[in-house]
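First the structure, in the form of structure tokens, and then the observations on it.
The values are calculated or read from the model by the stated rules, or taken from the named source; none is laboratory data. Quantities reported herein were computed from a predicted structural model and do not represent experimental measurements. Methodologically, a virtual Cβ is constructed for each residue, glycine included, from the backbone with ideal geometry; neighbour enumeration extends over all protein chains shown. Calculation scope for accessible area: heavy atoms of the full protein, side chains included, ligands and nucleic acids excluded. Shrake-Rupley method; radii C 1.70, N 1.55, O 1.52, S 1.80 Å.
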Amino acid sequence: MRIGIIGAGNMARALGGGWVAAGHEVVVGARDRAAAAESAGAIGARDGSIADAAGFGEVILLALPVAALDEVLRANAEALGGRTLVDCTNAFAPDFANPHGPTTFPLSEDAVAERISATVPAADVVKAFNLLAAEVFQGPERSFEGRTLTVPLCGDNPAAVGQVAGLVEDLKLRPVHAGGLARARYLEATSNFIVGLWFGGHDVRAMFPPLESAFAVED
């Protein structure tokens, strides 16, 4: 599959490197061509401009800061039409002014994936890969406590969700369709919440029992 990656940071390298290893053709595009060349070279991909990546990929990974999305999407809306856009972004940053310290992460907006879809309505947006840091995807571990790491996907087009599910499996991860794009905002809020807990030194995994122990009795 042809994959375009817009952005040249850690997530571009982590996911792009896995897809190159799985046999996909990948072009990394960024406004800073030197950064694109460095990231692409590190993972065995081709480098180019943002327009090059947008025009190349059947699937496009948006791996850039939320603040840059609007400009990039509007400038490349025609090329992105008819593509599957994978949104791995999160709209938060440490709030150092908070009295509780930088372990709190206020959301700068509630529904990034929905905004992307509204900006490029001819594309199919799938929210994925936003819950974990790039280093987790780049690392060798794919199973924790005997359970394969799961990647929830939110999107409205079954074909687009299926494309992304295949790319998740190519990384030796387990895809789960978590609902339509309207549910992506909950994935974004979940990331905001759990990252704050992790930075506070709390084991988020210990807060949720395994499926066989998760039950409730109707009131």
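Laid out as a table, the results:
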item	result
Hits in region 93-137 - residues which are aromatic (Phe, Trp, Tyr), modelled with pLDDT under 95 and open to solvent by less than 40 Å² (accessible area, probe 1.4 Å)	Phe105, Phe137
Residue list for region 179-193, restricted to those being modelled with pLDDT of 85 or more and in a helix (DSSP H, G or I)	Leu181, Ala182, Arg183, Ala184, Arg185, Tyr186, Leu187, Glu188, Ala189, Thr190, Ser191
Some residue of region 10-18 being assigned to a helix (DSSP H, G or I), open to solvent by 60 Å² or more (accessible area, probe 1.4 Å) and either in contact with a helix residue (DSSP H, G or I) (Cβ under 8 Å, 6 or more places away or on another chain) or without any contact (Cβ under 8 Å) to a residue 12 or more places away in the chain (or both)	yes
Out of Ala189, Ala122, Ala165, sole residue that is closer than 21 Å to Leu15 by Cβ, among the aliphatic types (A, V, I, L, M) and in contact (Cβ under 8 Å) with a residue 12 or more places away in the chain	Ala165
From Arg83, Arg13, Arg31, Arg2, residue being modelled with pLDDT of 95 or more and over 20 Å from Val126 (Cβ atoms)	Arg13
Close pairs from region 50-68: first under 20 Å from Ala91 (Cβ atoms), partner among the charged types (D, E, K, R) and open to solvent by less than 10 Å² (accessible area, probe 1.4 Å), Cβ under 7 Å, at least 6 apart	Leu62/Asp87
Hey, Ala54 open to solvent by 60 Å² or more (accessible area, probe 1.4 Å) and either modelled with pLDDT of 90 or more or of a type in the set (D, E, K, R) (or both) or not	no
Candidate set from region 194-219 (those that are within 18 Å of Leu131 (Cβ to Cβ) and charged (D, E, K, R)); member that is modelled with the lowest pLDDT	Arg205
Residues located in region 22-56, provided they are closer than 17 Å to Leu80 by Cα and part of a helix (DSSP H, G or I)	Ile50, Ala51, Asp52, Ala53, Ala54, Gly55, Phe56
